[in-house]
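The block underneath contains the structure these notes are about, expressed in structure tokens.
Derivation of every value follows stated rules applied to the coordinates shown; laboratory data play no part. Keep in mind the model is a prediction, meaning the values are calculated, not measured. In this analysis, Cβ positions are derived from the backbone assuming ideal geometry, glycine residues included, and neighbour counts consider all displayed protein chains.
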Amino acid sequence: MKIPLHKENGFTLIELITVMIITGIISMMAVNMITLPMQSYSDMKQRAELVDIAEITLHRMARDIHHALPNSVRTKDTSSNGKDDHLEILHTIDGGRYTTSGVDAYTTTTAIDKFTLQKELNISNTDAIGSYVVVYNMGADSGADAYQSPAQNRAQITNLTNTLISFPPSIQFPFSSPQSRFMVVDKAITFGCIGSKLYLKQGYSIQAAIPTVSTSDNLLAQNITSCDFNYNPGSSTRPGLVTMEIEITDPDSSELIKLLHQVMVENQP
């Protein structure tokens, strides 16, 4: 009687290597299918965060620029790289029209310490005191520049009662406004980039030269790799245009975004 032989089953070395290669290929494909979408999501999240920072910063600047005294926007380059990294404005809180006849009328022929308004202002006496009344601001080298010291067309308000605005000592304004307009300025504001940070300076005395921000000023944004503020003053029939461009880099991923924002400026004094 013959005893049947049992055949032992197993894998050859070639089969084992083939299975390992195929398994490795499938694993790499699976990893890529999982990690690539995750990496894309992470990149999009980082870009979105950078865009949010840049947009909030530019909108904060635009809000103040919208309230700029006509012909008060000015810029300067502190880093000598051909890009203006500082922008200054005189911020207005109200405005109106003055009377040109009757008691306490506005005039440019003599020095005055008050004039009568055609209509009450929206601001209170408390808000007005310490602010400045400015008439027909034309900017640098015009003879009517609110930045100049002594002031050419700017007087500090001491009292506001109904339709009478007072500002002793007396000042002889150089020009009258064709529309009998005046503006109330509460402060000067400067936005500036130093190093990799963007700062806001305010609450300082109005001066002839644009100040430079410092690290003690209010921090608006950091990780700034480039900022450029451009101002086109326009003309008598066309508004001015402020162009703000900032570039922010994520220090961890080196992700970079650049945003540009433009603001129309009404320069009719």
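Out of Gly240, Gly195, which single residue is without any contact (Cβ under 8 Å) to a residue 60 or more places away in the chain and either within 28 Å of Asp141 (Cα to Cα) or not hydroxyl-bearing (Ser, Thr, Tyr) (or both)? So that I can check it myself, show each step before the final result.
Numbers: Gly240 fails: without any contact (Cβ under 8 Å) to a residue 60 or more places away in the chain.
After applying the criteria, what remains is Gly195.
Between Ser214, Ser254, the distinction of being closer than 15 Å to Gly192 by Cα and more than 16 Å from the chain's Cα centre (by Cα) belongs to Ser214 only.
A count restricted to the stretch 190-226 and to residues that are closer than 17 Å to Gln148 by Cα, loosely packed, with under 12 Cβ neighbours inside 10 Å and either among the hydroxyl-bearing types (Ser, Thr, Tyr) or in contact with a Leu (Cβ under 6 Å, 6 or more places away or on another chain) (or both) stands at 1. For the stretch 182-195, a residue qualifies if it is more than 16 Å from the chain's Cα centre (by Cα), on the phi < 0 side of the Ramachandran plot and not acidic (Asp, Glu), and the qualifying residues are Phe182, Met183, Val184, Val185.
Of all residues in the stretch 59-73, which are surrounded by fewer than 20 Cβ atoms within 10 Å (Cβ to Cβ) and not in a loop (DSSP other than H, G, I, E, B)? Matches in the stretch 59-73: His59, Arg60, Ala62, Arg63, Asp64. Among the residues of the stretch 120-129, are any closer than 16 Å to Ala208 by Cβ and touching a helix residue (DSSP H, G or I) at 6+ places or on another chain (Cβ under 9 Å)? Scanning the stretch 120-129, I find no residue that is closer than 16 Å to Ala208 by Cβ and touching a helix residue (DSSP H, G or I) at 6+ places or on another chain (Cβ under 9 Å), so the answer is no. The residue pairs whose first member lies in the stretch 55-70 and is within 16 Å of Leu219 (Cβ to Cβ), whose second member is surrounded by 15 or more Cβ atoms within 10 Å (Cβ to Cβ) and of a type in the set (Phe, Trp, Tyr), and whose beta carbons are closer than 7 Å, counting only pairs six or more residues apart or on different chains, are Met61/Phe191. Candidates in the stretch 107-126 are the residues that are aliphatic (A, V, I, L, M) and under 34 Å from the mean Cα position of the chain (by Cα); of these, the one that is nearest to Gln152 (Cα to Cα) is Leu117.
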